[in-house]
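The next block holds one structure in the form of structure tokens; read it before the comments.
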Amino acid sequence: MYNPGATARRLSHPPPPRLAVVPPTSALLTDDAGATLSTAIAAALVEETVPAISGTSRTGDWRLLVTAETRGTDVVPSYTVQNAAGATQGTIDGTPVAASAWAAGDPSTLKQVATSAGPAVAALLTRIEAAIQRDDPNSLVNRPARIQLGAITGAPGDGSISLARQLRLELTKLGETVQDSANDADFVVTCKINAVPEAANTTRIEIQWIVNDGAGPERGRIVQINEIPSGTLDHYWGDVAVVVTQQAAGGIREVIVNQLAGHPERKVGSSAGQPHDTP
């Protein structure tokens, strides 16, 4: 009956609205090779869902600076992230490359370097953002999420009232802040219920709890499906509402945690009782 949804699209994008990969001038490369590497790294970062460009930064952009040094028979590239004010936020070393291959500046070699750099720099940006959030008292890392309870539609009997009341209680138990207003809401939860008559005097109850962020995009959904004797919920939901909302609240909390953790979108099984991803 419990399919905790988690589209888990990456909420934890890097802090800058855009990351400018500056063509390196201190990376033991010619200007042309440096420009090729910069372009390739920007493309690799875009593949990691980082908003990146190759070139000179503009006002408000963060910057990625690429340098390199010789260590023995290898050249080791380094990547430094600076914020819009020019302050260094973090530095990591890249994968060593044979000095001869690096000096040749072959585009295929530089592409391999960039392909390796993409995930590593994206991970660095995520760590930088996590540190920023930890230092921000208004970040969701440091306070409960504000959840607006939206409409519950399609429920027979007193389902809309009972489910709303119980979900408020269950989310509060999990430490979240539940509100009726959209003002400053971090997430909005709505619910769609469909009762489908089936053979042998049974009804299939399909419940979808939809979690949107405060800006509107859907972030995940919890799908609950069960078959009950027809007419069971035509009047009062009672203990059924308690069980349904206990499971739903756990799934909603999972969606929120996945967003805060910055997990990439997951592809998992969708059979009953397993996590279910929405496309």
For Thr95 and Arg127 in one chain, what is 0.36 nm times their gap in residues minus the Cα-Cα distance, to one decimal in nm?
9.6 nm
Tell me the label-point distance for the pair Asp158, Thr232, using the 7 Å Cα-to-Cβ offset, in nm and rounded to one decimal.
1.9
Which shape class applies to the range 30-131: rounded if a/c is under 1.5, otherwise prolate when a/b exceeds b/c and oblate if not, where a ≥ b ≥ c are the square roots of the Cα gyration tensor eigenvalues?
prolate
Of every Cα-Cα pair in the range 138-204, the percentage lying beyond 20 Å is 40
Report, in debye and to the nearest 20, how large the dipole of the range 19-135 comes out about its Cα centre when Lys and Arg carry +1 and Asp and Glu carry -1 on their Cβ.
180
How much length, in nm to one decimal, is gained on full extension between Glu218 and Thr115, taken as 0.36 nm per residue of separation minus their Cα-Cα distance?
34.0 nm
Between Val21 and residues 5 or more places away or on another chain, the pairs with built amide H atoms under 5 Å apart involve Ile53, Ser54, Gly55, Leu64
Amide H to amide H, which residues 5 or more places from Gly150 or on other chains are under 5 Å from it, using H placed in the peptide plane?
Val189, Thr190
Under-5 Å amide H pairs with Thr203, H placed in peptide plane, nonlocal only
Glu198, Ile228, Ser230
Among Thr232, Gly159, Phe187, whose Cα lies farthest out toward the positive end of the dipole of the range 146-261, if unit charges sit on the beta carbon of Lys, Arg (+1) and Asp, Glu (-1)?
Phe187
Would you kindly derive the ³J(HN,Hα) couplings of the range 87-98 from the backbone phi angles with the Karplus curve 6.51 cos²θ - 1.76 cosθ + 1.60 (θ = phi - 60°), listing them in order in whole Hz, with x for Gly and Pro?
7, 5, 10, x, 9, 9, 8, x, 6, x, 10, 3
Ala182/Val257 FRET efficiency (R0 25 Å; Cβ-Cβ; nearest 0.05)
0.65
Stokes-Einstein diffusion coefficient for the range 146-261 at 25 °C in a medium of 0.890 mPa s, Rh from the Kirkwood formula over Cα pairs: what value in µm²/s?
170
The simple spin-label model distance between Asp74 and Val243, using points 7 Å out along Cα→Cβ, in nm, is 5.8
Rank Ala131, Val97, Val76 by how far each Cα sits towards the positive end of the charge dipole of the range 19-135 (+1 on Lys, Arg Cβ; -1 on Asp, Glu Cβ) and give me just the farthest.
Ala131
3J(HN,Hα) from dihedral phi, the range 204-212, Karplus parametrisation 6.51/-1.76/1.60, rounded to Hz, x for glycine, proline
8, 9, 10, 10, 10, 9, 10, 10, 10
Suppose R0 equals 25 Å; then what is the FRET efficiency for Val196 and Glu47 from their Cβ-Cβ distance, rounded to the nearest 0.05?
0.05
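Bear in mind these aren't lab numbers, they're just calculated from the coordinates by the rules spelled out. Everything numeric here is computed off the predicted structure, so don't read it as measured data. For neighbour counting, all protein chains shown are included, and Cβ atoms are generated from backbone atoms with ideal geometry for every residue, glycine included.
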